[in-house]
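Asks: The structure under discussion is supplied below as structure tokens; questions concerning it will follow.
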Amino acid sequence: MNTLLDLGRQSLAGLRLLLVATLVLGVAYPAVVLGFGRVAAPWQAAGSLVTAAGDRTTNPSDAVGSSLLGQVVDDPDLFSNRPSAAGDGYDTLSTYGSNLGPEEPALIDAIRERQAALAEANGVDVADLPPDAVTASGSGLDPHISVAYAELQVPRVAAATGLGEDTLRRLVEAHTEDRTLGVLGEPRVDVLGLNIAVQQADGS
Amino acid sequence: MSAVLPALGQVALLALLLALTVPLLARHLARTYTSEDHLAVERVTYRVLRVDPDADQHWRTYALSALGFSLVGVLALYALGRLQQHLPLSLGFGALPADGAWNTAVSFVTNTNWQWYSGEAALGHLMQASGLTVQNFVSAGVGMAVAAAFARGLARTERGGRVGNFFTDLVRSVVRVLLPIALVAACVLVLLGVVQNLAGDRVMDTLTGGTQVLTGGPVASQEAIKELGTNGGGFYNVNSAHPFENPTPLSNLLEMYLILLVPFAMAGAFGRIVGDKRQGYAVGAVMAVLLSAATALVTWAEMAGPGTAPQLAGGAMEGKEVRFGEAASALFGAVTTGTSTGAVNAMHDSFTAPGGGVVLFSMMLGEIAPGGVGSGLYGMLVLAIVTVFLAGLMVGRTPEYLGKKIGQREMGLVAAYVLATPVLLLVGVAVAVSFDAGPAGVLNSGPHGFTEMLYAVTSAANNNGSAFGGLTSGTPFWNSLLGLEMLFGRFLPMILVLALAGRFAAAPRVPAGAGTLPTHRPLFVVLLTGVALVVVGLTYVPVLLLGPVVESLS
């Protein structure tokens, strides 16, 4: 009984602490970070949006996407993203990896199907396809592809757009980021940025 | 071969950052928990709380304060979840179901941050910022407070079971440590591309004429404390794999650094509080050894990519992001399960069988490498006591740790602590497989499906929060079961550790004799590492055989 009374008394102090904490940590702290974002990094805070001209914007109605979010590209004129398990593909309201294990028949079948389809679309051998081309990312929103996968798509995009393969390779290179500080992460190609550049080159 | 050097390089960079800053924070932490002075802002807080910050609490009162505060937290978070439709910035999301609100309330208060829901499809901004973010801070603070009380108990002599003041420890943990670091980290994360706004969902017309919804939210402020407090609850369903939570390899490094910073520093602070820095180094060394081993194994598994699907695809990239690749995903996996974080930057369910097995085993060890903020330290110290006890048995002397005799009562508490989580975990798994509702949530077939359930219960009982995400856990059965696992998995060990702290604080200090096992030497580091692996690890060999081991051999 005494213990219960004591627990009640402690809980009351706890309640007061929670209220203070909510004001400081749940309102003031996010607000300060919000203010910092507005002032110091408005573009990043709004979601790293880009326009069709490749310019930065903070207005979603001017944007063709976010440089951090992959999107569905099923256009032979453009570079394709990775397979995505987010909704019907790159659905930001349903972010998912496939969560399929390494021995799961559904995953093995999916990889085989993707290999067959990509080999045909790009006129390459199945063995030449890099792993990221035939696997779904963790987020379902991966904005990048590997350099190998981008280069593999160059002949296809060249044939579809009429742009020279050399031009396209230069564009791929321009949108490739290397490992940060030489050791962090992997070399990667920004697909949206690349595709914007391809469209611009194609239109000019 | 060319990928091996960067894989080692990222570990070296992370280790360097920690080596440079952990000692500084350790000193600051030790001062935080031993200083007699209060900051002005703290004094105001204590006045509002109407508590006396200098009142030295008996361990029972300390425990009741921690329990009472957590109880209030659960009720408040439950209410927020159930009343979400009436909250501002709810984005049109309705109330959480009763079982889901219970699960989430317990999950965030216990520092687990298991998530049955998808953030982007269930929670409004106010629930995230004012409900979950607050618990991210204070649940971490509770863990740190209890660890500080335990260190204090060991440092004190004949103080009648008094171990400090819970409210003072908690307020100081937040004001002096968590909030300042989180604030800086959140701002850096925004600069690196993590979003921070209050916008709702807006539709963008994509490059190829389709549409994509742009989600907004106060992500950076939550992300920083999510890692720093070893919480791990993501703003979005896919957690730190989401480019808005973890946009670049650099943000990825920062997040791993934040996860490891406080747990390692707590080990250093412990040494300072008990007046012998070497004691902290020894404990920290065991943490580092275990974490390094897990990192090496997971990295090897993910980069070698054994298994049918990875071999077919040419690499284990299913569930991984290109910007991180195999190495940074493996490192993050080892870091998040060596601590009680549970954030993920790749889907553990799609890890290779040995890789998934190692992250599972890391959690089973009780998350002591280096563990949660606070809970990692006291978990490791309990194992240190087991170690001196076993060594004492070998030479036939009454064991002692830091001059405190380990008698029958102390060993009773230690044994209960060591057994609590395995019992919760194994009983939980047995319950899960005994009802149709358990396996009903499983996505994968065969042993991998069993591992999904084993992983879920392990994650909940050890307050980790990461998942083999294929498991559909948003059902009344799983929400209830995992809620209970998290609740008991957090507070049973915590009460036992405080009881132990009280006994130590009451006990006199005996001088070290010829039979005393020095607890700061490499020999002790080896013994303690062995005890962690054998005493705790062996308990789980049978269940591991049924899951990841069978899968690895198939």
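Asks: For region B:82-94, how many residues are out of contact with any Gly (no Cβ under 7 Å at 6 or more places or on another chain) and either basic (K, R) or closer than 18 Å to B:G474 by Cβ (or both)?
Replies: Residues flagged as out of contact with any Gly (no Cβ under 7 Å at 6 or more places or on another chain) and either basic (K, R) or closer than 18 Å to B:G474 by Cβ (or both) within region B:82-94 amount to 2.
Asks: Within region A:96-117, take every residue that is in contact with a helix residue (DSSP H, G or I) (Cβ under 9 Å, 6 or more places away or on another chain), surrounded by fewer than 20 Cβ atoms within 10 Å (Cβ to Cβ) and aliphatic (A, V, I, L, M) and give me the one that is farthest from B:V550 (Cα to Cα).
Replies: Residue satisfying both the conditions and the ranking: A:A116.
Let's see how each residue does on (1) farther than 27 Å from B:K320 by Cβ; (2) in a helix (DSSP H, G or I); (3) in contact with a Lys or Arg (Cβ under 9 Å, 6 or more places away or on another chain):
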position: B:L258; (1), (2), (3): no, yes, yes
position: B:R272; (1), (2), (3): yes, yes, yes
position: B:G275; (1), (2), (3): yes, no, no
position: B:R278; (1), (2), (3): yes, yes, yes
position: B:A285; (1), (2), (3): yes, yes, no
position: B:A288; (1), (2), (3): no, yes, no
position: B:S292; (1), (2), (3): no, yes, no
position: B:L297; (1), (2), (3): no, yes, no
position: B:A301; (1), (2), (3): no, yes, no
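Asks: Limited to region B:343-376, what total is found for residues that are closer than 22 Å to B:P447 by Cα and either more than 14 Å from chain A (Cβ to nearest Cβ) or part of a helix (DSSP H, G or I) (or both)?
Replies: 16
Asks: Applying the selection to region B:93-137, what residues are facing chain A (nearest Cβ under 10 Å) and assigned to a loop (DSSP other than H, G, I, E, B)?
Replies: B:S118
Asks: Tell me yes or no: at least one residue of region B:229-245 is of a type outside the set (S, T, N, Q), assigned to a helix (DSSP H, G or I), more than 8 Å from every other protein chain (Cβ to nearest Cβ) and in contact with a Ser or Thr (Cβ under 6 Å, 6 or more places away or on another chain).
Replies: No: zero hits.
Asks: Continuing with this model, one more query. Any residue at all in region A:89-107 that's hydrophobic (A, V, I, L, M, F, W, C), more than 16 Å from B:V194 (Cα to Cα) and touching a residue at least 24 places away in the same chain (Cβ under 8 Å)?
Replies: Looking for residues that are hydrophobic (A, V, I, L, M, F, W, C), more than 16 Å from B:V194 (Cα to Cα) and touching a residue at least 24 places away in the same chain (Cβ under 8 Å), one finds none in region A:89-107, hence no.
Asks: Checking the conditions here, which among A:G65, A:G87 is at positive phi, surrounded by fewer than 22 Cβ atoms within 10 Å (Cβ to Cβ) and out of contact with any Gly (no Cβ under 7 Å at 6 or more places or on another chain)?
Replies: Among A:G65, A:G87, only A:G87 is at positive phi, surrounded by fewer than 22 Cβ atoms within 10 Å (Cβ to Cβ) and out of contact with any Gly (no Cβ under 7 Å at 6 or more places or on another chain).
Asks: Kindly indicate whether B:R176 is surrounded by fewer than 20 Cβ atoms within 10 Å (Cβ to Cβ), touching a Ser or Thr at 6+ places or on another chain (Cβ under 8 Å), modelled with pLDDT of 95 or more and within 14 Å of another protein chain (Cβ to nearest Cβ).
Replies: yes
Conditions tested, residue by residue: (1) more than 14 Å from chain B (Cβ to nearest Cβ); (2) more than 23 Å from B:N239 (Cα to Cα); (3) over 17 Å from the mean Cα position of the chain (by Cα); (4) among the basic types (K, R).
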site	(1), (2), (3), (4)
A:G123	yes, yes, yes, no
A:V126	no, yes, yes, no
A:A136	no, no, no, no
A:V147	no, yes, no, no
A:L152	no, yes, yes, no
A:T161	no, yes, yes, no
A:L168	yes, yes, yes, no
A:P187	no, no, no, no
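Asks: Out of all the residues in region B:217-226, which are more than 22 Å from the chain's Cα centre (by Cα) and at the interface with chain A (Cβ under 7 Å from one of its Cβ atoms)?
Replies: Answer for region B:217-226, where residues must be more than 22 Å from the chain's Cα centre (by Cα) and at the interface with chain A (Cβ under 7 Å from one of its Cβ atoms): just B:P218.
Asks: Hey, can you tell me all the residues within region B:15-56 that are outside any helix (DSSP H, G or I), within 11 Å of another protein chain (Cβ to nearest Cβ) and in contact with a helix residue (DSSP H, G or I) (Cβ under 6 Å, 6 or more places away or on another chain)?
Replies: Of everything in region B:15-56, just one residue is outside any helix (DSSP H, G or I), within 11 Å of another protein chain (Cβ to nearest Cβ) and in contact with a helix residue (DSSP H, G or I) (Cβ under 6 Å, 6 or more places away or on another chain), namely B:V51.
Asks: Here is a list of conditions, (1) under 26 Å from A:A136 (Cα atoms); (2) out of contact with any helix residue (DSSP H, G or I) (no Cβ under 7 Å at 6 or more places or on another chain), and A:S67 meets all of them except one; can you say which number that is?
Replies: (2)
Asks: Criterion first (under 25 Å from B:G356 (Cα atoms) and of a type outside the set (D, E, K, R)) does B:V534 satisfy it?
Replies: Yes; evaluated as a whole, the condition is true for this residue.
Asks: Can you find a residue in region B:186-207 that is closer than 30 Å to B:L498 by Cβ, in contact (Cβ under 8 Å) with a residue 12 or more places away in the chain, out of contact with any His (no Cβ under 6 Å at 6 or more places or on another chain) and within 12 Å of another protein chain (Cβ to nearest Cβ)?
Replies: no
The values are calculated or read from the model by the stated rules, or taken from the named source; none is laboratory data. As the structure is a computational prediction, the values presented were derived from the model and not from experiment. Reconstructed Cβ throughout: ideal geometry from the backbone, glycine too, with neighbour counts over all protein chains shown.
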